[in-house]
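Dropping a structure here in structure tokens format, bear with me for questions.
The values are calculated or read from the model by the stated rules, or taken from the named source; none is laboratory data. Everything quoted here is computed from the prediction, not taken from an experiment. Heads up, the Cβs are rebuilt from the backbone with ideal geometry, glycines too, and the neighbour counts pull from every protein chain shown. These accessible areas exclude ligands, DNA and RNA; they are computed on the full protein's heavy atoms, side chains included. Shrake-Rupley method; radii C 1.70, N 1.55, O 1.52, S 1.80 Å.
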Amino acid sequence: MKKIICALAVLALALLFALPAFAAPPLLTDEAGLLSAAEAAALEEKLQALSDRWDMDVAVVTAASTQGATPMEFADDWFDYNGYGRGENYDGLLLLIHTDKDPPGGWISTCGRAVGVFTDAGIQFIGKQIKADGLDEGDTAAALDSFADWCEKFFAQAETGKPFDEGSLPKTSGDYARIALLGLLGGLGIAWVVTKRMQNSLKTVRKNNQAADYVRPGSLRVVYANERFLYKNVTRVKRETSSGGGGGSSTHTSSSGRTHGGGGF
Amino acid sequence: MPALLEYKCPNCAGAIAFDSASQQLECPFCGCSFAVEALKAMDEDLSTQQALDWDAPAGQWSQGETEGMAVYACQSCGGEIVCDATTAATKCPYCENPVVMRGQFAGALRPDAVIPFRLDKKAAKAALEKHLLKKRLLPKAFRDQNHIDEVKGVYVPFWLYDADMDANLRFKAAKLRRWSSGNYDYTETSTYYVYRGGKIGFDRVPVDGSSKMPDELMESVEPFDWAGAADFRTAYLAGYLADKYDVDAGASRERANERIRSSTQAAFAATVTGYDSVTPDGGCVNLLGGTVRYALYPVWLLNTAWQGKKFTFAMNGQTGKFVGDLPMDKGAFARWFVGVALGAGAAAFALFYLIWPWIGGYLP
């Protein structure tokens, strides 16, 4: 661990000295080589525009291995020691894609203002989306493009003062399809019940299989009552664990001493 | 040959009929009214009278042709009344005078009781009007063009079964216990056999004894209130139609048994309490003893035809309970279905949209 940090620190220092002080680090680092040159250029341009628009660094790094560190440590250190983050609070976030498992895993590390923009639930939501949008199938370019699009939406939502969080996550097209299907089924079900009742009101002639009207009052006498135990069955169902517990962003302190938010998927 | 019975007004000799409103016999000609009991003596006088002996026309009918038919001569106008062999009271088609076929109630055929009509023809027509209200799928044309072809007050023969039942029943019942431990929710289901034995009595379970009356229709106008029953007097029948039974007590018993058995089951099942579910699981229900009685119950029948189909309505002549199936407007059904589906669908969409953050995670 220390070795990596040292190596990164040296790299950071080297960069710091090699480049003019105002030059920002590249927002895309494709260590694992998952993108073509054209894809990388397009994505970097998009990330740059995004970062400038919201004054927050939006960085992406792909790595073949986290080199013994946890994805959280790796992502936090990459962010801290490469000089990402804008302003005195180092506002920004970094998406790490690590291909040491199949399908690839991811970690989003947030810092400064980005901690509030990307809540725990929000990070899980983005993770789910980019996995579905290509990460699981090996189309990293599409997944990262989707990541940039979602970041845009999250920034815009946070501007309103109510960032996406537990219970207020954005709806995907799949969600809309499911809501529409449920609405359709609900409508058909209710229509069936209502018209069935109308139809039933037309029918008043029915067989009466009971003679309850003719029971002699007080004639029911139970002279023998008994119960015999037969058997017992126990079934168990795993309880749905309520995730988050109210939403918000949880934070931790990275090796550099800065406060980060984040989450993996 | 059976004789006809016609009640004549002691005042003007006009034919008199039972009036449901006053519960007396009324003369439509001179306006006099007479208590049923007062005419009891007259009933007895009449019963001593000799039956008129008519010679059957020789060789006019081929064999089997007259089966199920009866011919009477009206005592007022002499007109010939041809009717079903089971008809017990009717009107003369020529002079409209109400007549009662006395022979239909002689000896073993004499009903034990009668529940007189309490509601008149006007009430039956008003009940039909009301019956057609608030039926959204009823074709509008049916309501507007609804001409009742005929309204008949009929005394329907019923067999009444009194029964004492002995039951030994078994039920399968389950108790549930739920608790949580660790990450799991547990449900424990304890299953028991529950036994119930005992007795229950039924009074006057009715089964209609007329093959002409649809059983479903008659079971739908039940129940009749026995408190309104009176000893049988033919005078009650004057002015109405009446049938004698043509399904005997033995044949009708099966239907009574079915109903008594299922109600016995239900009554004992209701005593099995303290469980989360109870289902019948066999046992036996036996008849300890039973008696059968024969009674006439009052029913108004209304017939109408619409688009070549016959619709029959029935009203309980004592309580006013009105039944009768109505036709459905398929176009209206489709319009309502689509309209409700659209409205409810939009509401359901909005609801799911709002609660999605809480339920979305539980759906595939």
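So how many residues does region B:197-209 have that are closer than 16 Å to residue B:299 by Cβ and surrounded by fewer than 19 Cβ atoms within 10 Å (Cβ to Cβ)?
Number satisfying all stated conditions: 0.
Oh, and also: Run residue A:186 past the list (1) in a loop (DSSP other than H, G, I, E, B); (2) open to solvent by less than 50 Å² (accessible area, probe 1.4 Å) and report the number of the one that doesn't hold.
Residue A:186 satisfies every listed condition except (1).
Could you pull out the residue among A:139, A:145 that is without any contact (Cβ under 8 Å) to a residue 40 or more places away in the chain and more than 14 Å from chain B (Cβ to nearest Cβ)?
Just one listed residue meets the conditions, A:139.
Across region A:41-72, what is the total count of residues that are buried (at least 20 other Cβ atoms within 10 Å of the Cβ) and in a helix (DSSP H, G or I)?
Count: 6.
Could you say whether any residue in region A:157-167 is loosely packed, with under 15 Cβ neighbours inside 10 Å, touching a residue at least 24 places away in the same chain (Cβ under 8 Å) and at positive phi?
Yes, region A:157-167 contains at least one residue that is loosely packed, with under 15 Cβ neighbours inside 10 Å, touching a residue at least 24 places away in the same chain (Cβ under 8 Å) and at positive phi.
Can you name the residue in region B:88-118 that is open to solvent by less than 30 Å² (accessible area, probe 1.4 Å) and in contact with a Cys (Cβ under 7 Å, 6 or more places away or on another chain) and, of all such residues, is nearest to residue B:210 (Cα to Cα)?
Out of the qualifying residues, it is B:90.
Moving on. Among residues belonging to region B:299-325 that are open to solvent by less than 20 Å² (accessible area, probe 1.4 Å) and facing chain A (nearest Cβ under 7 Å), point out the one that is nearest to the chain's Cα centre (by Cα).
My answer is B:323.
Mind listing just one residue for me: the one in region B:326-353 that is more than 7 Å from every other protein chain (Cβ to nearest Cβ) and over 19 Å from residue A:190 (Cα atoms) and, of those, surrounded by the fewest Cβ atoms within 10 Å (Cβ to Cβ)?
Once the filter is applied, the top-ranked residue is B:327.
Of everything in region B:234-261, what is buried (at least 17 other Cβ atoms within 10 Å of the Cβ), of a type outside the set (A, V, I, L, M) and either under 13 Å from residue B:294 (Cα atoms) or within 14 Å of another protein chain (Cβ to nearest Cβ) (or both)? Give them in sequence order.
B:243, B:244, B:245, B:252, B:253, B:255, B:257, B:259, B:261
Out of the residues in region A:111-138 that are more than 15 Å from residue A:259 (Cα to Cα) and part of a loop (DSSP other than H, G, I, E, B), which is most open to solvent (accessible area, probe 1.4 Å)?
Selected residue: A:137.
Right, here's the next one. Could you please find all residues in region B:136-151 being basic (Lys, Arg) and out of contact with any helix residue (DSSP H, G or I) (no Cβ under 8 Å at 6 or more places or on another chain)?
Once the filter is applied, which keeps residues that are basic (Lys, Arg) and out of contact with any helix residue (DSSP H, G or I) (no Cβ under 8 Å at 6 or more places or on another chain), region B:136-151 yields B:140, B:143.
Which members of region A:92-133 meet the condition of being charged (D, E, K, R) and within 16 Å of residue A:149 (Cα to Cα)?
Answer for region A:92-133, where residues must be charged (D, E, K, R) and within 16 Å of residue A:149 (Cα to Cα): A:128, A:131, A:133.
Any chance region A:242-251 includes a residue that's within 9 Å of another protein chain (Cβ to nearest Cβ), exposed (fewer than 12 other Cβ atoms within 10 Å of the Cβ) and assigned to a loop (DSSP other than H, G, I, E, B)?
So far as region A:242-251 goes, yes, one or more of its residues are within 9 Å of another protein chain (Cβ to nearest Cβ), exposed (fewer than 12 other Cβ atoms within 10 Å of the Cβ) and assigned to a loop (DSSP other than H, G, I, E, B).
Every residue in region A:148-162 that is of a type outside the set (Gly, Ala, Ser), more than 14 Å from chain B (Cβ to nearest Cβ) and in a loop (DSSP other than H, G, I, E, B), please.
Passing the criteria: only A:160.
Residues of region A:171-226 being more than 7 Å from chain B (Cβ to nearest Cβ) and either among the small types (Gly, Ala, Ser) or touching a helix residue (DSSP H, G or I) at 6+ places or on another chain (Cβ under 6 Å) (or both), which ones?
Matches in region A:171-226: A:173, A:174, A:177, A:189, A:218.
Next question. Restricted to region B:119-137, and to residues that are open to solvent by 10 Å² or more (accessible area, probe 1.4 Å) and among the hydrophobic types (A, V, I, L, M, F, W, C), which residue is nearest to residue B:318 (Cα to Cα)?
B:119
What number of residues within region A:81-110 are farther than 25 Å from residue A:139 by Cα and either open to solvent by 10 Å² or more (accessible area, probe 1.4 Å) or at pLDDT below 90 (or both)?
Residues flagged as farther than 25 Å from residue A:139 by Cα and either open to solvent by 10 Å² or more (accessible area, probe 1.4 Å) or at pLDDT below 90 (or both) within region A:81-110 amount to 10.
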